[in-house]
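The values are calculated or read from the model by the stated rules, or taken from the named source; none is laboratory data. Just so we're clear, the structure is a prediction, and the values are computed from it rather than from any experiment. All Cβ positions, glycine included, derive from the backbone under ideal geometry; neighbour counts span all protein chains shown.
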Amino acid sequence: MGSLKELHAVVFDMDGVIIDSEPNHYRAICEAIGEEMTLTYDDFLSRFAGSDERYAMGEMAKELGIPYDENLFQEWSKRKSEAYAQFVSESATPMPGAVDFVLSVSRELPIGLATSSRRSDVDAALQVMAGGRLEGVFQTIVTTEDVAMPKPDPATYVKAVENLGAKPSGCLALEDSPNGVRSAKRAGLRVVGVSAMHGPEKLSEADVVVPDLRGASLGRLYSWLD
């Protein structure tokens, strides 16, 4: 991508790129599982953050020795969704520079959201974060409920790009997790990794890695990818 006209759309991950939501996700999962939850926040962040909720909960149940089936998943998922909405209403902290950057890109190009979160979690966060400034900004929002296979499968990004009417080669993704980077790359997008949550060593498959989005602009995107 050497000129602005070659970039047709930008697709953002949400958790860890736009919103500092992982502490709230962890608290909500603890609330859902209850007293049997003994995994630490560091365990959650290093092994489950960025994963599909169904997969993450199943793996946690296995590690905790809890018999797991569809009924338990639905019960945990409902509790987690309710707790997350409550927690995010109390504290929805944007990642550094993210809100201004999303808004600046949205004035120039179509933008989408491609996330492993549920739609209810996305809506809860967008309604309150930064006073709701990002609500209604994205031309498409693809959640884990919209695809058959979650990240790292490419389906989330494939659907987002299709919804934007673009080609993968003309799109850029911003991701913070290894699974997310892998998903976007497999879908044919170039990827900027944002390392604030996981560290640059975990995002080695990205085209470029930056610490955060403070001072970011379209011009800086091209300088990062040159």
Legend entry - Count of segment 126-137 residues which are in contact with a Leu (Cβ under 8 Å, 6 or more places away or on another chain), surrounded by fewer than 23 Cβ atoms within 10 Å (Cβ to Cβ) and part of a loop (DSSP other than H, G, I, E, B): 3
Legend entry - Hits in segment 170-226 - residues which are assigned to a helix (DSSP H, G or I) and among the β-branched types (Val, Ile, Thr): 181
Inset, instruction - Quickly run through segment 160-206 and pick out the residues that are among the polar types (S, T, N, Q) and either surrounded by fewer than 24 Cβ atoms within 10 Å (Cβ to Cβ) or more than 14 Å from the chain's Cα centre (by Cα) (or both). - result: 163, 169, 179, 195, 204
Inset, instruction - Inspect all residues belonging to segment 143-158 and state whether any of them is farther than 22 Å from residue 80 by Cβ and touching a Leu at 6+ places or on another chain (Cβ under 8 Å). - result: yes
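Each row is one residue, and each column tells you yes or no for (1) part of a helix (DSSP H, G or I); (2) at pLDDT below 95; (3) over 23 Å from residue 172 (Cα atoms).
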position: 42; (1), (2), (3): yes, yes, yes
position: 84; (1), (2), (3): yes, yes, yes
position: 99; (1), (2), (3): yes, no, no
position: 108; (1), (2), (3): no, yes, no
Inset, instruction - Check off (1) crowded, with 18+ Cβ neighbours inside 10 Å; (2) in contact with a His (Cβ under 9 Å, 6 or more places away or on another chain) for residue 46 and give me the number that stays unchecked. - result: (1)
Legend entry - Every residue from segment 138-148 that is of a type in the set (A, V, I, L, M) and not in a loop (DSSP other than H, G, I, E, B): 141, 142
